[in-house]
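Everything on this sheet refers to the single structure shown next.
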Amino acid sequence: MESNDIKLPFLDILITKTGKNITTDIYYKSTDTHQYLNFHSCHPSYTKRNIPYCLARRVCTIVNDETKRDIRLNELKIFLKKQKYPNALVNKGIEKARAIPLLDLRDTKSKSKSEVLIPFVNTQNPCNPDFYNVIKTNLPILRDCELLKSIIPENAIIQSKRQPKNLKRMLTTAKFNGNNTSTYRVDTCQDTRCGMCDNIEIGSKKLLKNGKTITPNQNLNCKSRNLIYCITCNTCNECYIGQTGNSLCERIRIHRQHIRDPSTRMIPLSEHLDNCGCGIFKVFPFYKMKDPVLTKRLSKETLFIQIFKPKLNGNNCIIE
């Protein structure tokens with residue numbers, strides 16, 4: 001909408017001159033789709049419960065004509081209904097905002113600088129327990145101490161949620177490599193007391209039997225943790241892809257134990273390396289995870305199994 005002698009849009013306010021009077025109305029751009037946060041989205045419940053009130057308060061603050069205000073609030077009901085908000089919640093938020101006088105809505109409130117607030121920040125996940133209420137319940141225990149009572153005022157801790165990584169942030173990175181030609185390598189840890197260095201396959205890449213190539217995403221050795229690795233049988237050169245959150249040398253030690261003692265075996269790989277490879281195998285770590293989360297490692301392991309199709313994984317394992 002373009003401005004003229006009667007109407008002037010400014011940000012989200014439409015200022016209209018009627019004779020000697022000026023009225024204000026809420027202004028929406030023609031491209032505004034009113035796609036407010038869906039009520040069934042994975043966000044904190046208090047955020048979604050507060051949205052109808054905040055939007056209604058915004059309308060009541062901007063629109064100074066009661067007739068137009070009621071029209072805009074009815075439009076807001078329609079917008080929120082499309083986003084699956086319960087009618088009772090929407091009506092409660094609108095009535096709460098409508099009950100506040102216009103002068104109070106437009107009054108500027110200043111925050112006290114002496115107020116001490118301690119934010120408790122955790123990542124939003126509906127599967128996590130309610131840590132904030134646990135803290136609030138046990139806070140009186142800390143306040144029994146006079147020193148802590150002066151450090152942590154009453155009601156000083158506020159809840160704050162951190163947005164979890166979405167699929168795009170997990171699969172992509174904002175890091176720009178440019179013309180970086182550096183090559184990452186896999187090497188031994190050079191520790192004379194390490195008995196696992198003999199199993200490490202050294203190099204900047206690994207060629208699999210099926211012709212596919214694996215390259216490491218960081219410099220790795222047998223002391224590296226939280227990674228995806230590839231085991232190669234010494235006899236048939238078939239491969240197995242696995243994951244570990246511990247150091248690679250600890251994982252190799254477990255593989256060796258499973259090869260030596262059949263009673264401890266949990267996967268067909270151990271039997272194959274014992275019968276076909278005579279207990280001899282090489283390990284090539286190639287993907288260092290950013291987050292030490294088991295579910296993410298398992299997802300990444302599954303992805304690499306689908307890409308490289310190693311024959312020693314799962315049901316495809318060859319038993320010699």
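The values are calculated or read from the model by the stated rules, or taken from the named source; none is laboratory data. Remember, predicted model here, so these are calculated numbers, not experimental data. All Cβ positions, even for glycine, are placed from backbone atoms using ideal geometry, and neighbour counts span all protein chains on display. Calculation scope for accessible area: heavy atoms of the full protein, side chains included, ligands and nucleic acids excluded. Shrake-Rupley method; radii C 1.70, N 1.55, O 1.52, S 1.80 Å.
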Relative to the Cα centre, what is the charge dipole magnitude of segment 237-303, using +1 at the beta carbon of each Lys and Arg, -1 at the beta carbon of each Asp and Glu, and rounding to the nearest 20 debye? 320 debye
Membrane-span-like helices in the chain: DSSP H runs reaching 15 Å or more (Cα, own axis), mean Kyte hydropathy at least -1.0? 45-62, 66-82, 87-98, 131-143, 248-260, 294-308
Computed accessible area, S270, all protein chains, 1.4 angstrom probe, square angstrom: 0 Å²
For K92, the aspartates and glutamates lying under 16 Å Cα to Cα, once residues fewer than eight places off in the same chain are dropped, come out as D70, E75
Cα radius of gyration and Dmax for segment 186-253 (Å): 11.8, 35
Post the alpha-carbon centroid distance, segment 182-231 to segment 1-68, in whole angstrom. 59 Å
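Provide the FRET efficiency to the nearest 0.05 for the L105-C278 pair, computing r from the beta carbons and using R0 = 56 Å.
The pair L105/C278 has a calculated efficiency of 0.10.
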Accessible surface of the chain [probe 1.4 Å, protein heavy atoms]: carbon and sulfur percent: 54 percent
Could you check the spin-label model distance between N122 and K17? Points 7 Å from the Cα along Cα→Cβ, value in nm. 5.7 nm
Accessible area per residue in Å² at 1.4 Å probe, computed on segment 194-290: 45 Å²
How big is the dipole moment of segment 53-208 about its Cα centre under a simple scheme where the beta carbon of each Lys and Arg is +1, that of each Asp and Glu is -1, and everything else is neutral? Debye, nearest 20, please. 780 debye
With a 1.4 Å probe and all protein chains in place, put L8, L227 in order of accessible area, largest first. L8, L227
With respect to the cross-link table entries K81/K168; K84/K161; K7/K109; K20/K109, which display a Cα-Cα separation exceeding 27 Å? K81/K168; K7/K109; K20/K109
About its Cα centre, how strong a charge dipole does the chain have in debye, to the nearest 20, once Lys and Arg get +1 and Asp and Glu get -1 at the Cβ? 420 debye
Run the reach check for K288 against aspartates and glutamates, Cα to Cα strictly under 15 Å, same-chain hits fewer than 8 apart removed. What comes back? D187, E301
Given just the C-alpha atoms of the chain, how large is their convex hull per residue in cubic angstrom? 284 Å³
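Under a 1.4 Å probe, what is the accessible area of segment 1-134 per residue, stated in Å²? Present the calculation step by step, with values, prior to reporting the outcome.
Details: 9480 Å² over 134 residues.
For segment 1-134, the solvent-accessible area averages 71 Å² per residue.
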Please report the accessible area of K48 (heavy atoms, 1.4 Å probe, ligands and nucleic acids excluded) in Å², nearest 10. 20 Å²
Would you list, by chain and number, the aspartates and glutamates whose Cα falls below 17 Å from the Cα of K136, excluding same-chain residues fewer than 8 positions away? D144, E154
Segment 14-108: proportion of alpha-carbon pairs further apart than 17 angstrom, %: 52 percent
